[in-house]
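Below you'll find the structure, written out as structure tokens, and then a few comments.
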Amino acid sequence: MAATSEAARSQRVVVVTGAGQGLGRAYALRFATQGHRVVAIDLRADALATLAEAIRAEGGECLPLALDVGDADAVANAARDIDARFGRADVLVNNAAIFSTLKMRPFDEIPLDEWGRVLHVNVTGTFLMVRAIAPLMRRNGWGRIVNVSSAAVLMGRPHYLHYTTSKAAVIGMTRSLARELGADGITVNAVLPGAVDTEIPRETVTPAQKQAQIAMRCIQRTQTTDDVTGAVLFLASEDSRFISGQSLVIDGGLTFL
Ligand SMILES: NC(=O)c1ccc[n+]([C@@H]2O[C@H](COP(=O)([O-])OP(=O)(O)OC[C@H]3O[C@@H](n4cnc5c(N)ncnc54)[C@H](O)[C@@H]3O)[C@@H](O)[C@H]2O)c1
């Protein structure tokens, strides 16, 4: 059908949150390479400018929007900007989260304000983005929402309870949103990456934990951003049209659902 042709695919407008670095940046670059127009959202304008420059240098199109996904007004304004620029939004990758900056500590040592910030950005931020972007998808009767959870939920990883709680909430949100949005031709799925090496050093996985995880994987090597981007592209594509409300674990076979 014409609607699924390569030309129609290249028309897609893909919104990626947390696109300034790490996995979000990798998703944005991969979508741009496939000919999609990318709306890159992050707190950090400098990182977005660098990303937009890289995408444009390859002949792609990128609209960088610096904002906090936990700020309802800023998110609503972003949806208006996207509508004004492109007149549509087809794919939303809810990737922004407080993650690499987290310090691991026992649950009863997590300060209450840190608990609140992590839940607000990782859960409420995802809700706000869907609330703002879904109307643009509904208008066209087609949409793909990919929410980024984590295999840390399946592992019951200790020492960042706010984070694992937030990523478990993302799975529940994904299932209920899938039911609410299915009639509009919008699928909603979650991806659960394992510990992925990015350009950003972090304290959430110690070298010893990393080696132990590698030893328990079916595919016993370090996980890179390239191991995750393809799965997200699939869930954002027409080929995944009969898959909704699902959780796709991308951890080299460390955990099984
Ligand atoms: N890297 C991993 O091992 C791994 C594993 C499983 C899941 N994940 C998830 O994948 C996603 C990306 O991981 P990463 O390693 O690239 O994380 P990261 O911490 O390196 O990057 C997160 C990005 O989100 C942005 N961000 C944070 N708060 C924001 C806000 N309020 N508004 C807008 N942008 C905000 C940051 O500026 C940063 O650019 C996260 O949701 C993370 O939980 C990562």
*Given the structure, is Asn95 of a type outside the set (D, E, K, R) and under 18 Å from the mean Cα position of the chain (by Cα)?*
yes
*With respect to the numbered conditions (1) surrounded by fewer than 17 Cβ atoms within 10 Å (Cβ to Cβ); (2) touching a helix residue (DSSP H, G or I) at 6+ places or on another chain (Cβ under 7 Å), which one is the sole condition not fulfilled by Arg56?*
(2)
_Matching residues in segment 77-106 - criterion: being touching a helix residue (DSSP H, G or I) at 6+ places or on another chain (Cβ under 8 Å), within 14 Å of the ligand (Cβ to nearest atom) and assigned to a helix (DSSP H, G or I)_ = Ala78
*What residue, of Asn122, Asn95, is out of contact with any strand residue (DSSP E or B) (no Cβ under 6 Å at 6 or more places or on another chain) and closer than 27 Å to Ile200 by Cα?*
Asn122
*His159 fails exactly one of the following numbered conditions: (1) out of contact with any Leu (no Cβ under 9 Å at 6 or more places or on another chain); (2) of a type outside the set (A, V, I, L, M, F, W, C); (3) under 29 Å from Ala66 (Cβ atoms). What is the number of that condition?*
(3)
*With respect to Ile214, determine if the residue is within 15 Å of the ligand (Cβ to nearest atom), closer than 28 Å to Thr101 by Cβ, of a type in the set (A, V, I, L, M) and touching an Asp or Glu at 6+ places or on another chain (Cβ under 7 Å).*
no
*Are any of the residues in segment 6-14 in a loop (DSSP other than H, G, I, E, B), at pLDDT below 95 and under 23 Å from Ile186 (Cβ atoms)?*
yes
_Looking at segment 129-156 only, could you name the residues that are within 10 Å of the ligand (Cβ to nearest atom) and outside any strand (DSSP E or B)?_
Met129, Ser149, Ser150, Ala151, Ala152, Val153
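Table: residues versus (1) assigned to a strand (DSSP E or B); (2) closer than 19 Å to Asn122 by Cβ; (3) in contact with a strand residue (DSSP E or B) (Cβ under 8 Å, 6 or more places away or on another chain); (4) modelled with pLDDT of 95 or more.
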site: Ala19; (1), (2), (3), (4): no, yes, yes, yes
site: Leu23; (1), (2), (3), (4): no, yes, yes, yes
site: Val39; (1), (2), (3), (4): yes, no, yes, yes
site: Asp46; (1), (2), (3), (4): no, no, no, yes
site: Arg56; (1), (2), (3), (4): no, no, yes, yes
site: Leu63; (1), (2), (3), (4): yes, no, yes, yes
site: Val69; (1), (2), (3), (4): no, yes, yes, yes
*asked:* Being surrounded by 15 or more Cβ atoms within 10 Å (Cβ to Cβ), closer than 17 Å to Ala26 by Cα and touching a residue at least 40 places away in the same chain (Cβ under 8 Å) is true for just one of Leu181, Leu233, Leu248, Leu254. Which residue is that?
replied: Leu233
*Here are some conditions: (1) surrounded by 24 or more Cβ atoms within 10 Å (Cβ to Cβ); (2) assigned to a helix (DSSP H, G or I). Ala168 meets all but one. Which one does it not meet?*
(1)
*asked:* Test of understanding: among Gln246, Gln220, which residue is away from the ligand (no atom under 16 Å from the Cβ), under 22 Å from Gly22 (Cα atoms) and at pLDDT 95 or above?
replied: Gln220
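The values are calculated or read from the model by the stated rules, or taken from the named source; none is laboratory data. Computed from a predicted model, the values in this text were never measured in an experiment. Quick reminder, even Gly has a Cβ in these numbers, built from the backbone with ideal geometry, and neighbours come from all protein chains shown.
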